[in-house]
Each structure stands twice: as C-alpha cells, then as structure tokens.
1. Which of the lysines could a cross-linker bridge to residue A:311, judged by Cα under 24 Å and excluding same-chain residues fewer than eight apart?
2. Enter the mean projected area of the convex hull around the alpha-carbon atoms of region A:1-72, in nm², rounded to one decimal.
3. Normalised by the empirical 2.2 N^0.38 Å for globular proteins, what value does the Cα Rg of region A:1-150 take?
4. Which whole-Hz ³J(HN,Hα) couplings does region A:158-174 yield from phi under the Karplus relation 6.51 cos²θ - 1.76 cosθ + 1.60, θ = phi - 60°, glycine and proline marked x?
5. Can you tell me the order of B:401-412, B:381-392 when each peptide is scored by its average per-residue count of other Cβ atoms within 10 angstrom, highest first?
6. Can you tell me the orientation of helix A:387-402 relative to chain A, as the angle in degrees between its alpha-carbon axis and the longest Cα principal axis, to the nearest 10?
7. Can you compute the helix-only [θ] at 222 nm over the protein assembly as shown? Use -39500 (n - 2.57) per DSSP H run of at least 4 residues, normalise by all residues, nearest 500 deg cm²/dmol.
8. Using C-alpha positions alone, give me the convex hull volume of chain B per residue in cubic angstrom.
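Here, each number is a calculation from the coordinates, and none is a lab measurement. Quick caveat, the model's predicted, so the values are computed rather than measured. We place every Cβ from the backbone using ideal geometry, glycine too, and count neighbours over all the protein chains shown.
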2 protein chains.
Amino acid sequence: MTTRNDCLARDAQDPLAALRDQFDLPPQVIYLDGNSLGARPKAALPRAQQVIAQEWGHDLIRSWNTAGWFDLPKRLGNRLAPLIGADDGEVVVTDTTSVNLFKALAAALHMQAADPARQARRVIVTERSNFPTDIYMAQGLSSWLERGYSVKLVDSVEELPAAIGADTAVVMLTHVNYRTGYQHDMRATSALAHAAGALIVWDLAHSAGAVPVALNDDGADLAVGCTYKYLNGGPGSPAFIWVPRKHQAAFRQPLSGWWGHAAPFAMAPDFAPADGIGRALCGTQPVVSLAMVECGLDVFGQTSMAAIRAKSLALTDLFITLVEQRCADHPLGLVTPREHARRGSQVSFTHPHGYAVMTALIARGVIGDYREPAIMRFGFTPLYSSYADVWDAVEILRDILDRQDYNVDAKRDAVT
Amino acid sequence: MTTRNDCLARDAQDPLAALRDQFDLPPQVIYLDGNSLGARPKAALPRAQQVIAQEWGHDLIRSWNTAGWFDLPKRLGNRLAPLIGADDGEVVVTDTTSVNLFKALAAALHMQAADPARQARRVIVTERSNFPTDIYMAQGLSSWLERGYSVKLVDSVEELPAAIGADTAVVMLTHVNYRTGYQHDMRATSALAHAAGALIVWDLAHSAGAVPVALNDDGADLAVGCTYKYLNGGPGSPAFIWVPRKHQAAFRQPLSGWWGHAAPFAMAPDFAPADGIGRALCGTQPVVSLAMVECGLDVFGQTSMAAIRAKSLALTDLFITLVEQRCADHPLGLVTPREHARRGSQVSFTHPHGYAVMTALIARGVIGDYREPAIMRFGFTPLYSSYADVWDAVEILRDILDRQDYNVDAKRDAVT
C-alpha cells in the first residue's frame, strides 16, 4: 500500500518539483482545478505592472510599436506552437475559444464548399457530450448559413464512424472531454474524417499544456484552444487558433476585421486577407490579459510535454488508486478512462451527492469542481501539483465521506 | 490675441482640472492621442494588482462568484450606459468592437428578414470614410450570407439620403469619424433610416466619453463602441454593445456562445438565448483587462458629459484658433468641422508632410497621430487635457513648421 511518505519520496525525485515555486499558490490549498482556471505564475504580476505602468502609462500609444503590442498574437502563438505540434506562423493567441471556433468552422465549411466534389455536404458532426459552447457555436453558424447546414450530435465515441459519412462537411471534436477527461485518438479520428471526405476541427481547451498534442503529425485540419486552463494565462486570457500552412491560402472566415487585413493601416475600403496566420485575426486585443499569457508559456519553456505527461499520468494513476483503496466503501464511480492513451490530465468521479461533497472539499481547501450530472472533477497540473497533494486530497475526501460531513441540501452557485 | 497666461487662467477656473490628477501622465508629454489610446487612470494599476494577486492568485476559481467576474460585462455595461443615453440592462462590455459590430449587423439583418414587408432588403449602407474594420466586418458578414447582401459605400454625408432607399436593410455609421472628427446628427440620420424602412447601427468608438450621446432619445436601433479610447479602459480593453429593450426579444446573433445562453451552467446541448442583454455575450472574457475598464468609468462618475462637452469644445475651439493664428504661414488645412454640433473631440489638420511633422511633434513630446492621407490628428480629452497643453502644443507645432524641423523622408511605422 502507498503511504504519504511514499508520496513525499516521489516528490523529492520529481524533476518538475522545482517549477511549483514559479506559481503563487495560497497556503492551505490543494488546487485541483487548473483544468478550469490555471494557477498564477508569479511572473504574471510584475509583467502586468510593466505593461500597465510603463507601456501603457508612460509610453502610451507608442507601445503598439515599441513594446510590440501589435505583434503579440503572433509572437505568443509561436511560443505556444511547440506545445501542440504546430509550426511557426501557424498559431495566433486572440479572441475567445468560442469566437475562434466560429472562425475555424466557417473556414472549414468554406473549404468544403469550394470543392466541387464536396460542396453538397451539409452536416457538422460532433458529440452531445462536447463542451456546450462548441455545440452552440456550430448551431449558431449553421443556422445563419442559408444553405441548410445542420449539427449532428452523437451519443458515444463508438457511434462516430457510422455518423461520419458522405453528407459530413466537418467533424468537430474536443480532444479531451471537459467532464469525463476522455481523450480522443487524434490521429485515428482525423484519418476517419478524411477517409469520409470530411475535414476535422479540434478544440484543445483541455489538451494544450495538459497532454502532448501533435496537430501536424496527426493530420488535424484546424484547431482552437484556451490559454487560461493548463497554460496558466490568467482568468479569461485570450484563446488561440491554429491554421496549418497547408490550409492557410484557402482559409477564409467571416470575422474579417482590420487585424486580419493584409495592410491594416492602409485603411483601404475593401477587405483583403493577410497572408498566413494573420487572416485568423479580427480586432484589437486586450493587451494586459494577452501579455500575461507569456508568463505561463515561459514555465513550459523550462520543461517538455513528455515530462509533463509522465508526471500527469503518475498523478492521475495515484489519485485513482488511492481513491479506490481508501474510499472503497463509498459510492464513487470512476468516469475517466483508466487507459493512459485515452486519459487527459484530470480524474472525474461520480457520487450521488457530488455537488455537496465537492462543496465540502472546497471548504477544506481541496479545490476541484463539479459538473452536472453528479461529477466531481479533479484536475492535475504537473507544473504545480505534487504527489503529496494527491495523498492529502484523498485523505480529506475520505474523511468527508466517512463522516458524511457534507450538506446534501447545498445549493449550487451560478458558477463553479 | 490669446496668450499662454490666458490659457493658464482658464485652467485655474476649469471645473474638471482636478480630475487630471487621477491620471498617470508622463512628464514632458502633451498627450493628444486619447482618441486612440486613453491615458492610464492611476487606479488601474492597483485594481489590476488586486485582480491578479488576490482574485486570481489567492481566490483562484472561486473568484468567478466571489469577485463577480461572471457579472463584469453586465455590471460595467450598466456603469457605461448613462454616458451614451442607454438604460440599465441594455449594455454589456465584451469582446472587440469588430466582433460586436458583427453581432449587431447580423441581428439587424435578422430583424429585417423576419418582417415580411422588409425581408427583401439586401443592402447595408455606410460611408467609404468609415473606419475600415466596420466596412470589412459588413463585407465579411454579407459575403457569408447566401441571400445576396451587399455593402453600399457613400462618398459623402450629403449622399446618404439618396443612398438609403427601399433596398436598404441597415444603415451602419460611425457617429464621429475617426479621421475627420465629423459628428453625425444621430437623431436626424436615425429618422432618415427609419423613414426609409431601414434600421440603423451606430459605432460609438469616437463618441463614448467624448461627446454626449442619447441612443434611446435619438432613436438608434443598435450600437457598439470602444472602451480604450476616451473611456480610458486600457490597451485593447473589451468593447461594448448596446441592445435597447425594445429590440432585445428580437435580437439574435450567430456568435451564440455559452455566455449568451439562458442557463450557461445547465450544459444543455441546445442553444437558448438569455433574456435581455445577456444574449449579446459569447465567450469567456479577459478579466484583468475587463476589470480595469471600471477605473476609467469611475472618473466619469465624478463629472457629467455636459461638463466634458463644454470643455471639449473650448479646447478644440482654442486649438483651431491658435493654429490658424500662429501657424498662418503654413499649408495647414482644417478637416474637422467648425460647427460645434458636427464636431467630435478631436481636431484634424492636413499638411503636405503630415507624417513627418507628426513624427517631429512626437519627438518633442506632443503626441498626436497620423492617418492617411496627410492628416494629423489631435485628440482632446477634457479629463486630462489643459488649456495650457493646447497653447504649448501649438507653440511646438509652430516652431517645427517655422524652422522646417522635420524629416520629409520619415518612413511610417507599421502602427501609429
């Protein structure tokens, strides 16, 4: 049986352990919600102070040039690219995941419509269990295009092969499911879509910085993702969009704002898309929130996704094992795949009083979160989560369950 | 003739003079570019520090509830509403001006398409001199809707009445022109659009916080605008969109993300728009950049748009008069209307070497900006611009012109 001392011993040998010191984590908190909002890199505060006091306050409008504000979406995109298997000049950090998904889906439909052999395709295939905003954006886009697009929702991964067919324009999937932690096989599923003549758009919200991603090698077509979860960019920090070089010339999207123009300061009255990834941009970005994204990326620059993945699997394996050993008498159901290749960097358990138990955990300093129905989510962030954290979190969970120390009438807040 | 001492005397009597102390302005700078990037409220730095260190770093995910992050777009919208003649619950601060314009235009087209008497209308009318991104977004939207929408560009305000007709779905205008400072008559032009059966969408990028705006009283249909110019929200701070109560039930927009859902945390697989202004939201917002918007709005809470307007006209009148008196020997051409009702809060002059002269001004600490073709823009922000600033700026301009102390070969940067 594993003991707390075993966990401490593993922490002592953990090659990533020193990185925890680069994050500001409150005392008496075990933070297992980095899959919702990443912790704060210590460097984010001085970086924001520099942008606000010096670049904005002192240098004022000149900072668009002198501080490189205008180039930030591309520069940060190039920093992020290696983490997701993208090349230089293929990623920009900009707008929200929802807005970027709209661009990517619209562009994919446009590419299909431009191909005489594929232009009759009218279906976007996705999962009913996808993060809702992805479905909503697909519904929004398809309902506004009068050619009669529709969104087909499948109820399980097993249904995907049958659902993707001659009418499928685009397959849109979230690589790692936000609720279950299930990780799709990007290479096999991309190949499945392509074999059926469809394009595939991936949402990396729970993948970027969490699991190794190989967009180009695995044959993805377009992708979007989030910087405020595993990438630790800050609350609501701008999202990203990936357009591989092979698709850039054909990439057109309806949010054709001036930042995506070939010559934004020529002030010409007709839109002409920028060459390359720039055409995925739209309007002026929130510089302070954007600049802090770099502080999260800087930490990734000191390790590798392979090292992060190794520790992530070790942490999630340990958590599953300890919960199953030490909370065996309680009605907890593992939702996340045991198979490593199918697992993201979180572990979800159901419990009949999931919301109440999670509320009790949070009150005791173990911060995970709750998702309907009955799911307690625990996110593991190898940059700052320790093996001892896992032990302590399970012990607190066990204590709460053993003593039934939770309020089954707990009412859910608007947002958690 | 006015003297510098006259200007100092006016500053001494200026009821807004004390507000300048609430801004961090660098020494030796006369900042006349608040129409591009507003100066920094001193309160913005501690506010950002609080959000980053305490709300993000310490309270982590809980801040979505405890710090009110989720409500920020609506709460800031309600703070902004009185400045533009909007009511409570009609404005949200979110996304970019370009993206919000896309929503507003799409919603306006949708409203027209839902009316049997108007559904055949296929033209969006705007000005060729409009800020390019507005035109680009209209082009992007109309080219993606297969019903055959087009964008009609008029070359002067005088052409508007003839251009708005039975085929016009929407008139889209920027209230104050970014280049010339020309201010449209919102009431008369809204009535003109309505008389022709069209809806009217206003861009308030150069109006909000700069001139009194009475959206509801003047009969506007929808509006968008910017918070990083006269509202001093910070570089690239999120923009706003106004949907008046009368149009909220009919307002539909294709960027139907989860923040615009009636029950975002129910995680339902079908989009259902929120009641009220919430349906104009889409995705998660950049909290740090968003929170600082409040610091700019706090300053407006200490005065009135009437007081700001009175000083704005006094400053721009003074600038025009002094330039025409003291630089009379030079080929400067006033572009901004002399008529108060038609003037925003900027003054633009052409000069054959406009870019070179502006570069020289900036080097001497007078920060305005340049816009093609040949236009030097000087923005006046009554919250922190003084009458002595006007005097000193004109004296430096006069000196540069008299001595031809500018480099006619100066090459334009990517962004200024």
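1. In chain and number order, the partners are A:42, A:229.
2. Details: hull surface 30.6 nm².
Value for region A:1-72: 7.7 nm².
3. On the way: Rg = 22.4 Å, N = 150, 2.2 N^0.38 = 14.8 Å.
After normalising by residue count via 2.2 N^0.38 Å, the value is 1.51.
4. 5, 7, 4, x, 6, 7, 8, x, 5, 9, 7, 7, 9, 9, 10, 10, 8
5. Numbers: B:401-412: 13.1, B:381-392: 23.8.
Result, highest mean first: B:381-392, B:401-412.
6. Once rounded, the angle reads 60 degrees.
7. Values: 26 runs with 278 residues, N = 832.
Value at 222 nm, helices only: -10000 deg cm²/dmol.
8. Details: hull volume 60.6 nm³, N = 416.
Given the Cα convex hull of chain B, per-residue volume reads 146 Å³.
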